[in-house]
Amino acid sequence: MPEDLPETFEHCAEVLKQKLLSYQSQTDDYYNSCLIEFQDQLKLFEKELPYVSQLAVDSLLKEHEQKLSYSTGQIRHLFNKQLEDWESVK
């Protein structure tokens, strides 16, 4: 391990400087790749956005149709029951 230590302060400072510059370069590369990936994701989002609103509308329409069908069935059932009650009174 002692052989890995720089012999002078100047040499130690130079090694540290080189490592920091290397880390800065790696950080810059990673930052730039993240920006590119984010831009690609935004482009895809913008491309798909028109379909999202249509999907949301279709989903809401289906949900309301199901509720309407259920309510209509309940009303029909109650109406038929009332008709039966009236027929039995006659």
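The values are calculated or read from the model by the stated rules, or taken from the named source; none is laboratory data. Values in this document were obtained by computation on a predicted structure and should not be read as measured data. Virtual Cβ from ideal backbone geometry, glycine too; neighbours counted across all protein chains shown.
For every residue, the table says whether it meets (1) modelled with pLDDT of 90 or more; (2) in a helix (DSSP H, G or I); (3) of a type in the set (A, V, I, L, M); (4) out of contact with any Lys or Arg (no Cβ under 6 Å at 6 or more places or on another chain).
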site	(1), (2), (3), (4)
Thr27	yes, yes, no, yes
Lys47	yes, yes, no, yes
Pro50	no, yes, no, yes
Leu55	no, yes, yes, yes
In this structure, does Gln41 turn out to be under 32 Å from the mean Cα position of the chain (by Cα) and polar (S, T, N, Q)?
yes
Does the range 5-13 include one or more residues that are loosely packed, with under 10 Cβ neighbours inside 10 Å, assigned to a helix (DSSP H, G or I) and without any contact (Cβ under 8 Å) to a residue 12 or more places away in the chain?
yes
Find the residue count for the range 35-61, including only residues that are basic (Lys, Arg) and surrounded by 10 or more Cβ atoms within 10 Å (Cβ to Cβ).
1
